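Have a look at the structure below, then the notes.
The values are calculated or read from the model by the stated rules, or taken from the named source; none is laboratory data. Everything numeric here is computed off the predicted structure, so don't read it as measured data. Using ideal geometry, Cβ is built from the backbone for each residue, glycine included, and neighbour counts are taken over all protein chains shown.
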Amino acid sequence: MTSILKETREKNGYTIEEVSEILKIRKQYIISLEEENFDNLPGDIYVKGYSKIYYEFLGLEMPKQADIINNGVKLNVDVKLVNSLKKYMVAFICMLILIGVSIIYYILEKDDDSNNSDLVKNSIIYDDENNETTFDQSY
């Protein structure tokens with residue numbers, strides 16, 4: 001695949017810059033297609049799409065999808081799905097922890113407020129005329 005794309009491009013007298021400009025595909029993606037370095041492309045759908053556009057531009061017959069896959073394009077949909085599920089699972093666990101901590105904090109603060117309202121507030125009142133000290137207990 002590499003040699004076919006590159007050889008045909010050079011045979012037709014195109015530079016990578018010209019192909020990139022005509023097809024509106026980044027130069028690095030054209031190079032990646034020619035070198036079968038598909039990891040540099042944004043995703044499998046781009047590999048298929050850009051390959052089709054490039055093959056048609058060069059007047060070549062697009063190989064079967066199985067041939068492209070065997071030549072290096074790995075459909076990693078399952079891997080991406082597992083990775084996204086892991087991200088959601090981590091976010092879900094963090095949210096559960098945050099909710100749990102919030103509930104515990106709320107319960108503890110509620111208990112503190114109810115305990116404080118039950119306390120007797122004592123005030124010492126000193127009467128100068130009678131030289132008496134009294135305690136005022138208010139709730």
Scanning the range 61-86 residue by residue, those at pLDDT 80 or above and exposed (fewer than 10 other Cβ atoms within 10 Å of the Cβ) turn out to be Glu61
Among the residues of the range 1-26, the number that are in contact (Cβ under 8 Å) with a residue 40 or more places away in the chain and assigned to a loop (DSSP other than H, G, I, E, B) is 2
Which pairs have Cβ atoms under 6 Å, sit 6 or more apart or on different chains, and link a residue in the range 27-52 that is more than 19 Å from Thr15 (Cα to Cα) and among the β-branched types (Val, Ile, Thr) to one that is modelled with pLDDT under 85 and part of a helix (DSSP H, G or I)? Val47/Phe38
Looking at the range 40-56 only, could you name the residues that are touching a Ser or Thr at 6+ places or on another chain (Cβ under 8 Å) and in a helix (DSSP H, G or I)? Asn40
Scan the range 1-60 residue by residue and report those that are at pLDDT below 85, surrounded by fewer than 13 Cβ atoms within 10 Å (Cβ to Cβ) and β-branched (Val, Ile, Thr). Ile45
